Structure formats: structure tokens, C-alpha cells
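Inspection log for the structure reproduced underneath, given as C-alpha cells.
The values are calculated or read from the model by the stated rules, or taken from the named source; none is laboratory data. None of these values were measured; they are calculated from a predicted model. For neighbour counting, all protein chains shown are included, and Cβ atoms are generated from backbone atoms with ideal geometry for every residue, glycine included. We work out accessible area using only protein heavy atoms, side chains counted, and drop any ligands, DNA or RNA first. Shrake-Rupley method; radii C 1.70, N 1.55, O 1.52, S 1.80 Å.
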4 protein chains.
Amino acid sequence: MHTAQIDALLEYEVRGPTHFLFNLEAALHEAHQLVQERLTITPSVNVRHFCDARNGNRFFRLDASKGLLSVNYHAQLQLQVAPLPLQLDETPVSALPDEVLRYLLSSRYCESDTLSRASQQLFGQLPPGLARVRAIEGWIHDSIAYLPGFSNASTTAQDVFVQRAGVCRDFAHLGITLCRALNIPARLVVGYVYFDEPPQDFHALFEAWLDGRWVLFDPTRMAPVDRLVRVGTGRDAKDVAFATMFGDVQMLRKELVVEQGDLPPDPAGAQPPALTQVTA
Amino acid sequence: MHTAQIDALLEYEVRGPTHFLFNLEAALHEAHQLVQERLTITPSVNVRHFCDARNGNRFFRLDASKGLLSVNYHAQLQLQVAPLPLQLDETPVSALPDEVLRYLLSSRYCESDTLSRASQQLFGQLPPGLARVRAIEGWIHDSIAYLPGFSNASTTAQDVFVQRAGVCRDFAHLGITLCRALNIPARLVVGYVYFDEPPQDFHALFEAWLDGRWVLFDPTRMAPVDRLVRVGTGRDAKDVAFATMFGDVQMLRKELVVEQGDLPPDPAGAQPPALTQVTA
Amino acid sequence: MHTAQIDALLEYEVRGPTHFLFNLEAALHEAHQLVQERLTITPSVNVRHFCDARNGNRFFRLDASKGLLSVNYHAQLQLQVAPLPLQLDETPVSALPDEVLRYLLSSRYCESDTLSRASQQLFGQLPPGLARVRAIEGWIHDSIAYLPGFSNASTTAQDVFVQRAGVCRDFAHLGITLCRALNIPARLVVGYVYFDEPPQDFHALFEAWLDGRWVLFDPTRMAPVDRLVRVGTGRDAKDVAFATMFGDVQMLRKELVVEQGDLPPDPAGAQPPALTQVTA
Amino acid sequence: MHTAQIDALLEYEVRGPTHFLFNLEAALHEAHQLVQERLTITPSVNVRHFCDARNGNRFFRLDASKGLLSVNYHAQLQLQVAPLPLQLDETPVSALPDEVLRYLLSSRYCESDTLSRASQQLFGQLPPGLARVRAIEGWIHDSIAYLPGFSNASTTAQDVFVQRAGVCRDFAHLGITLCRALNIPARLVVGYVYFDEPPQDFHALFEAWLDGRWVLFDPTRMAPVDRLVRVGTGRDAKDVAFATMFGDVQMLRKELVVEQGDLPPDPAGAQPPALTQVTA
């Protein structure tokens, strides 16, 4: 059993009335259990929370007026990741659950339609199953250079396939796209994980549907996938931006501290979470 | 009160085992009431139905083997469209319902991010509200030529904005995109409606969120929006394809018959629907 | 020594006053010698000829008024292609002739800038020289499906790299692009060549600069490159369209007959060409 | 009569053997006369000069090895710009000189094919001639925001038309594209001109063919076009990069000083230029 402690600090210069939508909090997800959580927003504003029942993403919204806005999210969690079998089959489309079908579709950043033949050509001959998605993950790792500055907010999987460079979300978008083109449902996952090499930042990975479950893959290999504290799950990065601003705003600061450790199994069971929200 | 009678026939040559996902049936939606409905599939196969609770889209799935597949959907409906007020305000983002926020995001066919400045430039100075979305609808009608052959399955709103030509779904995608760029939630609607000029075909429109409700717009002006029999509602055309095939298939035939009429108000209330499904 | 006989017929419905620019005639080029040539244009119009001194492309221009326009080009040629050495080095950029440098640049259809890393990744480790360009030619042949309908007049090398399908000029554009990305000058060549499989059509290939000369490559492998009757040479297809029309025109007919044979070496030397132009 | 004095300093960290191609020197062009010129390259290397006869662009090439490379170009010129008539007609395509036709074609950065309908829609109804190109110049000035950071080395006119932001070369590319789409030949011009607002930098404009001559337009309105010291003329920016490097290089410094003044007409005629090249 692992533990994780998150401390995320965002600071904005708000230049005019602005509505903020944040997706910063640990998701409702079976892979982790919240021990403690605290959200501190300065100055004090009304905060509305909602959760997307479909995937457990937790959002909060607020209105800020001119001035500084600071958002601090702190959380302690226990991670309980079930071990992955060595072998997993792909599920024939015909047997996919209805609600999983949507993850076969092209989306804003993942043009599985135009990349269909390329994916078939590269991976179509491999035996289906976990090993094939591992092959995609490995091919991206080997073929795409991790280079900040090559991509921006409108860079798509097709761009990344051409330019052969990007950052973690570009890697994930390409993985999703190559899977969907093979009729393997796939989607984006973002969250917190400790990186050996600084700076700490939000991380993006993808997961693919294999044998009746979602399985995480990280083509960047920047951190073990079972250490991830999941924040958002969606078709692609459009669904899970950590912050969306409607107004004239400048981000001044983004600081993440992620600490992770290992726990001996707790004989008495996990502690009940103690959740706190502070708006100071 | 209007009536509509739909007869849709699709025929496919199936060249190998294929999974089909159809979105052909009238949606669960307050704007119409089903009087009668019949789905006939030849040859006889198992059909699984499901409905997307979020927007009332009804899907059915089936597995077909080598040979001909014919799908015939027949429906009679009564349309009860509430009259539209002459004036409707835009809703500030801050006051948008949580579940409506998603319709502000860029999607596969609707790049409201890259077209943001263009939309602001063209429509940003107009007073917000129904009249502004009407201005968008009118601008598309005047600026985009209705020309089959200019667009294909990967044509996006940005392409249409550049090439100034397209078909109904291109018009709708551009309308959605220009709205979202102004922070007006917007989404695609597809369905059946009678065209004065043949051939009959599936139609695509868009709707925008104004004053707490979704309002339909049709930049093609091919038919009155209150005659539409809604089939699908989604972020863009990826969500509401009338047929998605996983296998080697050739469409042989697509024939739609749409008949529409007017009814005197029924004093005794609408008849209960009599739904029939036949797999012959 | 080979012989070639060309008969090209183009027919247009001209709907309003139109200026035509044609690039149909055999180029001025060392690889062939004109034996006979005849250009017949119906109805009779003034024809202005010019030749681009840089690459030997021959153009003719004419003004047509409403009605039918028919252009028939007939030519007999002898082809004298010097055998290619088995080994050819790449020329370091530093040693490239000034006038060859332009063929390193990105162009409308050949985005060697965005595909730079991809080409380096695929071919950067191969030993430089003829064998490396052969590897590019072979990779395109194996990776890109020859499929009419996937590309149109605005399809670029980047599109082809993504969609993995196209026709001869798409193959050639991709070859040019992958070469330029490795600092190997490359350009498009179009012309006539006999195809075993009908229909006959204009062909597009590419040539790369190796060891002080231009060397032809054909990733489609549809015909031997030494049988080509060269018509145009340029950065990409924009430079060498067989017909460019300024006006309202519909092409009614395009028929090519290409016959090719072998000649015993002529002891008395090649016959002087007898050129004829008829405007009937 | 105006005078101009240019001082351009470029410094590079060369990390491995690199070939440089520079287009920095005042072009051979009737609009200016060189009074004095000096090119200083440190360390001393062989420099090869060539001039593109087609448009008077002067290039120089050199090989640099590991270490610092500094290039300093100094020039004094007299500018003699003939006044522009108030009215100029467009030339029908049929009457365009053969060598001007190429400037009607789409190029890497100027997709006049895909933007054809948009340009026709915006400017097709205006009376042809100088005033129409002025309308294009004015529309770009009013519609496109001058915003560094929105565009990069692969941004094209189509991107600029969509995103409505860019820098001088983006403005020029869009002007070229909109002209070509109306069958007005147009091309890119780069050079030196004094900006009232720092920093000084290379400038990009476009020129269009009207009434038998090339006429300069500057949609940025950053400086009077008759003050320009022309360096390069080409289809688009690919043809006239001020520096192209083949090797591993980092630019350390780019400093331009441009001084401009007015001279009384010289009764005795312009002085003969005294050209100097120093490689120190």
C-alpha cells in the first residue's frame, strides 16, 4: 500500500470579473482513498462543487473579482492498486459495454479517424491484448521525444505523430488515438505523481479497456502508473483541464509538491477520511 | 400541433462479421411524442437497445454476418414545440448549470479555441442574447455556400470557415464553434425533417443555450426548426452518427421518406404511443 | 535506346472567357530527343509559347471563349538514359551548387520542416547515399497504399504521411519531403510513361540530387523510370500542373495513349526532330 | 531622396560544423543605390557570394566550425522611389508576363487555393485595381492583431486567417494569399526599415502586380513602404530567410540599427557605390 501527499498551489492575477472552473481534487476512484483533504481559497469566495457521476471527476467553480486569487489544494491519500494480470485480452467491439463505446470515437485532440491506417500498419499485425497496447506505449516512448516547446494548447495527436516531439499529454493523446484506431477504447487520465526529475507538474497518461477493465499506460515512463493520484478522466485533455478561466487572467504561480511513500498493510483497516474545506 | 411520419431504409452489403451501432430512432425528447414506431431488421438478428440518459439519444447494436443487412425504421410522431419568446438573454458562464459547461469546450469538429478571436471579432460587439445567435446563423447562411463535395468525414468548423463551403453538418459545426467562442454553450442536433427540395436526408442543426433553455438554429434554412424530429444530440457529429460500423461493409442504399402535416389540437389528449419492434 | 509515342487529348467545356496555361509538351531535357511533335488546338486560337530556362519546362497559353476547347498533343521521342552507377554519394550541403539549394526548402505540398524529425528518425541512421534514398523509396512503397480518393488538390506530404494512402503525386511529394528533411535536395518530375495497368495517366515521380546529378525515383513502382518522357520539373505539383485554368471551365475528357518500344542503336545518329504545330 | 544606414549584427554559438546561407545584403534593385557596404565575419572564413538573377536577391554562404560566429553587415544607401500613381489597374491573367504567372500559385505559407472562396467573398465584388489591394491591406490591418507569440515557423496564411493574430510576415503572407486568390500576382518582400517603436527587426511586406509593375503594401503600417531597403523577394518567407543553418547552432544575438534621413536632390548625380568586404 502506498501513500501520497499532495500540495498544489495556484496563483492568479485576476484583471476583471472572472469565472473559474477547477478540476484539482482527487477523483472519486477505487484506486485511492482520501485520508485528509483541504482546499484553501484566498480571498474568501463562494465555491460550488460538483462531481461528474460518469467518471468521478470533481470540479469546483467560483467567481473572482479583480485582484489576486490563490488556490491551495492539500490532500493525503492511500493508494490501493490491484496487481495487473500478466495477460489481458482485448474485448471485441460487439462485447463492449454501451457506456464504453464513446471511448472509441475521435475527439478534439485524438483524431483516430485520420490516423486509422497508420495505426493498423504499425500495430495491426500484432496479437491483440495487453502486449499490443504495451507495444504502442513502447513505440511512443521510443519514437516521440519529450521536448517542451514543440506543442501548445491546440496540438493534437496527429501533430505529435508528424513532429515526433511533445510533452506528457501529447504522448497520452497519441496513445489514445492509436488504440482507438484499433478499436480499443482509450481515454485520458490526469493526476498527481512524484517525478524523480523536477519540476513536479500535473501528469497525463492514458488508459485502455482490456478484458473488462481500464488499464493505465504511461508512454513517458516518468513514474510508475500505480503511484498516480487520479484527478480527471475524460476523452482527452479538453475534458480534464485543471483550470478553465472565463475572464482576463494571468497565472502567476503553479507549484506542486508531491510526496509518496509505502505503508505496511494496516491490520485495522484504512482510516476514515477526514475532509476539510477552508476558504480563508 | 404538427405530425411527422418517418420511413428510413438502410441497406448494407456486409463482407465479413460486423458490429453495427445505430442512432436512428426518435430521441426521448419533450418536443415530440411517439404515436407508433417499428424497427424491422432483415435477416433476423439479436438487437440490443440502450439510451444515453444524458440527452435521450437511443441507440441499438447488432452483429451481422456476411450477406445483406437491411434496417427499416418507421415512426409516427406528434410534435409539440413551445413557441419561442422574441427575446432571450445569454446566461453568464457563472450561472450556467454544471452539466451545460461541457458544451463550451472545443471538440473534434468544433475548434472554438482556434476560432476564438475570429468569433469575437465578428460577433463580439453585438448585444448578447437571441439576436446575437441569430446574427451568427445569418452570417453562416450568407457566407458559407451549400456545396456537397467540399467536405468529408474529417472536415472541421475551421476548414469550413476557411473554405466557405459545406453541407448541413458543416454549417451546424461552424455555428456551434462561433457560439462556444463567445461562451455560449452550443451542441449538434440531428434528426428528420421534410425538405421541400429533394433528396430527403438526415439533417443537422445546432442548438444554443439561452436563458435557461436550448434553442434550435438552422443556418441552412432548409426547413423550419420546429418540424424537426430529433434523433441525436451531442457535442458534434462524432457523438451522433446515424450508423457506425466495425467491419468490412458497403452501404448500398439510404432512403428516407419524411411526411409532415398539421393537426388540430386534440381535446382528449395525445394518444399513448404504441411501439412495435419486428425483426423479420 | 527506347522510343516513345505520346498522344494526349484534353477536352473542355468553356463556359465563359478563360485563360489556359498548359504544361503538356515534352520538356527540353537531355534524357530524350524529339523526333516529331504536333500540337492541335480546336477551335483555332492564338497560342503563346514560353520555356522556363531554369528547368526546361515548356508552357503554352491561350484564351478561349465560350464553347468546346480541344487540345491534342502528339509526340515521338527517343530516350537516351545514361545508366546509373551502383553507388552514389550524397553531397554535403556545403558543396551543393547555389541553384540546387532551393530544392532543400519546404514547399506547398512538401512540409520538410514539420516532418524533419520523423525523417531523421526513420532514415537518419542509414549510411548516406543512393541506398538511403532507395530506402525512402521502398519505405513509401511499402507504407503508403495506392488508393485514389484519399487525396485531393490540397493534400500535402504531411497528410499522406498521416493517412498512409494516396496516388502517384502524393507518393512523390512524400519522397521529396523525406529527402529534404535529410538535407538531400529533391524535386517533383511529371511526364508520360506507359503503365502496364490501365488507365494511362500523367505520372509523377521525384528526383534527388546525388553526387552532382539528379536521380529519378518512383515509389509507386508503376513503370521503369528510364522510360519517362519528362514534361515538367519543379519544387512540387504546384509548379507543374498540366493545365491551369482561369475561368469557368469543365473538363470533359482526358485521354492519354503512350506507346513505348526499343530501338537498335542508330549508327547514323538520331534523326533531326521535325516539329509541327497545327491550330485547326 | 531618402538615405538609409543599416547595421546588422548576428552572433551564433556554433556547436558543430555548420553550413550557413545568409540573405542579409541589400538586393540589386532599382529602388535603392548602394553608397557603401561592408560585410565583416569573425572568425575569418571563406565566403561564397551568389545572386539570384530572377529577383536580385544576394546570398552568401560559409562553413563555420565549433565556436562563436559573428556576422556584421553595414550599408549606406540612397532610396529613389518613383511616386505611385493614384490609380492602377489589375492586369488580366491573359496579359500577365510569363515570368509573373508563378506568383499566382499557392506556396508553402500562402494557400491561395483553400482561401480562394473566402477572398472572393470578401473582396470579389470590389472594383479591380489599386483600391482593391488597398482594401485587402486595410482589412488585414483591421482584422489581424499584431501579437508576437501566436505564430511560429510553420504558421501559414490560413492559420492567420483563422487565428486573427500574427506578426509582420504573417500579415504579408495573408495579403499575398488573398491577392493570388483574386488572380492578382503577389509575393513577399523582406528588408530593413526604421520602426518608430523599438525593437528594430527585419521587416516583411508584400507586393502585388498592378498595371505592369510591382507595388508594395504593408498591412502592418509600421513604416512607410518607400523607406524600405529591400533584401529579399520571393514567393513567401521560405525563399528569403535571412539565415538558414545546416548544423547545430544557437543564435545568441540579433541587433539591427536602422537610420533613415532625407537628402536634397543631388544635382551632380548619385555617387558611385564603394563596396568593401572585410573578413577579419
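Condition first: in contact with a strand residue (DSSP E or B) (Cβ under 9 Å, 6 or more places away or on another chain), among the basic types (K, R) and on the phi > 0 side of the Ramachandran plot. Can you find one or more residues in the range B:162-184 that meet it? Looking through the range B:162-184, at least one residue is in contact with a strand residue (DSSP E or B) (Cβ under 9 Å, 6 or more places away or on another chain), among the basic types (K, R) and on the phi > 0 side of the Ramachandran plot. Just for the range D:173-197: of the residues that are among the charged types (D, E, K, R) and at pLDDT below 95, which one is most open to solvent (accessible area, probe 1.4 Å)? The qualifying residue most open to solvent (accessible area, probe 1.4 Å) is D:E197. Are any of the residues in the range C:251-260 more than 14 Å from chain D (Cβ to nearest Cβ), touching a His at 6+ places or on another chain (Cβ under 9 Å), outside any helix (DSSP H, G or I) and closer than 27 Å to C:Q87 by Cα? No: zero hits. When A:R38 is tested against (1) surrounded by fewer than 16 Cβ atoms within 10 Å (Cβ to Cβ); (2) farther than 23 Å from A:Q200 by Cα, only condition (2) is not met.
When the range A:39-55 is examined, which residues are found to be assigned to a loop (DSSP other than H, G, I, E, B), out of contact with any helix residue (DSSP H, G or I) (no Cβ under 9 Å at 6 or more places or on another chain) and within 12 Å of chain B (Cβ to nearest Cβ)? Before you say what the answer is, go through the steps one by one.
Step one: list which residues in the range A:39-55 are assigned to a loop (DSSP other than H, G, I, E, B), which gives A:43-46, A:53-55.
Next, from what is left, pick out any that are out of contact with any helix residue (DSSP H, G or I) (no Cβ under 9 Å at 6 or more places or on another chain): A:43-46, A:53.
Once the filter is applied, which keeps residues that are assigned to a loop (DSSP other than H, G, I, E, B), out of contact with any helix residue (DSSP H, G or I) (no Cβ under 9 Å at 6 or more places or on another chain) and within 12 Å of chain B (Cβ to nearest Cβ), the range A:39-55 yields A:V45, A:N46, A:A53.
Does D:V167 count as within 25 Å of D:V100 (Cα to Cα), away from chain B (no Cβ under 14 Å), at pLDDT 95 or above and within 18 Å of the chain's Cα centre (by Cα)? Write out each step before concluding.
Numbers: within 25 Å of D:V100 (Cα to Cα): no; away from chain B (no Cβ under 14 Å): yes; at pLDDT 95 or above: yes; within 18 Å of the chain's Cα centre (by Cα): yes.
For D:V167, the condition - within 25 Å of D:V100 (Cα to Cα), away from chain B (no Cβ under 14 Å), at pLDDT 95 or above and within 18 Å of the chain's Cα centre (by Cα) - is not met.
When residues of the range C:120-151 are filtered for being part of a helix (DSSP H, G or I), open to solvent by less than 30 Å² (accessible area, probe 1.4 Å) and over 17 Å from C:V215 (Cβ atoms), how many remain?
The first filter runs over the range C:120-151 and keeps only residues part of a helix (DSSP H, G or I), leaving C:120-123, C:130-143.
Subsequent filtering for residues that are open to solvent by less than 30 Å² (accessible area, probe 1.4 Å) retains C:123, C:130, C:132-133, C:136-138, C:140, C:143.
Still in the running and over 17 Å from C:V215 (Cβ atoms): C:143.
Total meeting the criteria: 1.
Going by the conditions given, is D:A243 over 30 Å from D:H19 (Cα atoms) and modelled with pLDDT of 95 or more?
no
You will find that of D:Q158, D:Q200, the residue that is outside any strand (DSSP E or B), open to solvent by 10 Å² or more (accessible area, probe 1.4 Å) and more than 26 Å from A:A153 (Cβ to Cβ) is D:Q200 and no other.
Against the definition (in a strand (DSSP E or B), in contact with a helix residue (DSSP H, G or I) (Cβ under 9 Å, 6 or more places away or on another chain), open to solvent by less than 30 Å² (accessible area, probe 1.4 Å) and not charged (D, E, K, R)), how does B:L21 come out, yes or no? Walk me through it before giving the result.
Numbers: in a strand (DSSP E or B): yes; in contact with a helix residue (DSSP H, G or I) (Cβ under 9 Å, 6 or more places away or on another chain): yes; open to solvent by less than 30 Å² (accessible area, probe 1.4 Å): yes; not charged (D, E, K, R): yes.
Yes; evaluated as a whole, the condition is true for this residue.
Restricting the range D:79-134 to residues that are touching a Phe, Trp or Tyr at 6+ places or on another chain (Cβ under 9 Å) and β-branched (V, I, T), the residue that is farthest from D:F206 (Cα to Cα) is D:V93.
Selection within the range D:161-172: residues that are assigned to a helix (DSSP H, G or I) and open to solvent by less than 10 Å² (accessible area, probe 1.4 Å). The member of this set that is farthest from B:F161 (Cα to Cα) is D:A172. When A:S94, A:S44, A:S70 are screened for being within 21 Å of A:D7 (Cα to Cα), among the polar types (S, T, N, Q) and touching a strand residue (DSSP E or B) at 6+ places or on another chain (Cβ under 6 Å), only A:S70 passes.
Specify the residue that is surrounded by the fewest Cβ atoms within 10 Å (Cβ to Cβ); the eligible residues are those in the range B:59-112 that are within 11 Å of chain A (Cβ to nearest Cβ) and among the basic types (K, R). Write out each step before concluding.
Let us first name the residues in the range B:59-112 that are within 11 Å of chain A (Cβ to nearest Cβ), namely B:59-64, B:92-99, B:101-102, B:104-112.
Still in the list and also among the basic types (K, R): B:61, B:102, B:108.
On the way: B:R61: 20, B:R102: 16, B:R108: 27.
Only one residue fits best here, namely B:R102.
Note on the range D:210-236: among residues that are under 16 Å from D:A186 (Cα atoms) and open to solvent by 40 Å² or more (accessible area, probe 1.4 Å), the one that is nearest to the chain's Cα centre (by Cα) is D:V225. Taken over the range A:192-206, the criterion of being under 19 Å from A:D239 (Cβ atoms) and among the hydroxyl-bearing types (S, T, Y) is satisfied by A:Y192 alone. Count, please, the residues in the range C:212-247 that happen to be more than 10 Å from chain D (Cβ to nearest Cβ) and in a loop (DSSP other than H, G, I, E, B). Residues in the range C:212-247 being more than 10 Å from chain D (Cβ to nearest Cβ) and in a loop (DSSP other than H, G, I, E, B): 10 in total. With respect to the conditions (1) within 18 Å of C:D236 (Cβ to Cβ); (2) more than 8 Å from every other protein chain (Cβ to nearest Cβ), C:A135 lacks only one, and its number is (1).
Can you give me the number of residues within the range B:152-164 that are free of Cβ contacts under 8 Å to residues at least 40 places away in the same chain and either more than 11 Å from every other protein chain (Cβ to nearest Cβ) or among the aliphatic types (A, V, I, L, M) (or both)? Outline the logic, then answer.
Restricting attention to the range B:152-164, the residues satisfying the condition of being free of Cβ contacts under 8 Å to residues at least 40 places away in the same chain are B:152-154, B:159-160, B:162-164.
Filter once more, so that each one left must be either more than 11 Å from every other protein chain (Cβ to nearest Cβ) or among the aliphatic types (A, V, I, L, M) (or both): B:153, B:160, B:162.
Matching residues across the range B:152-164 total 3.
Beta carbons closer than 9 Å, at least 6 apart along the sequence or on distinct chains, pair a first residue in the range A:204-224 that is of a type in the set (S, T, Y) with a second that is crowded, with 17+ Cβ neighbours inside 10 Å and assigned to a strand (DSSP E or B) for A:T220/A:H203; A:T220/A:A204; A:T220/A:L205.
Out of all the residues in the range A:1-18, which are part of a loop (DSSP other than H, G, I, E, B) and open to solvent by less than 50 Å² (accessible area, probe 1.4 Å)? Talk me through it step by step, then tell me what you get.
Step one: of the range A:1-18, the residues part of a loop (DSSP other than H, G, I, E, B) are A:1, A:15-17.
Result: A:G16, single match.
Per-residue answers, yes or no, for (1) assigned to a strand (DSSP E or B); (2) within 19 Å of the chain's Cα centre (by Cα); (3) under 17 Å from C:P185 (Cα atoms); (4) free of Cβ contacts under 8 Å to residues at least 60 places away in the same chain:
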residue	(1), (2), (3), (4)
C:H74	yes, yes, no, no
C:Q78	yes, yes, no, no
C:P83	no, no, no, yes
C:D89	no, no, yes, no
C:V100	no, yes, yes, no
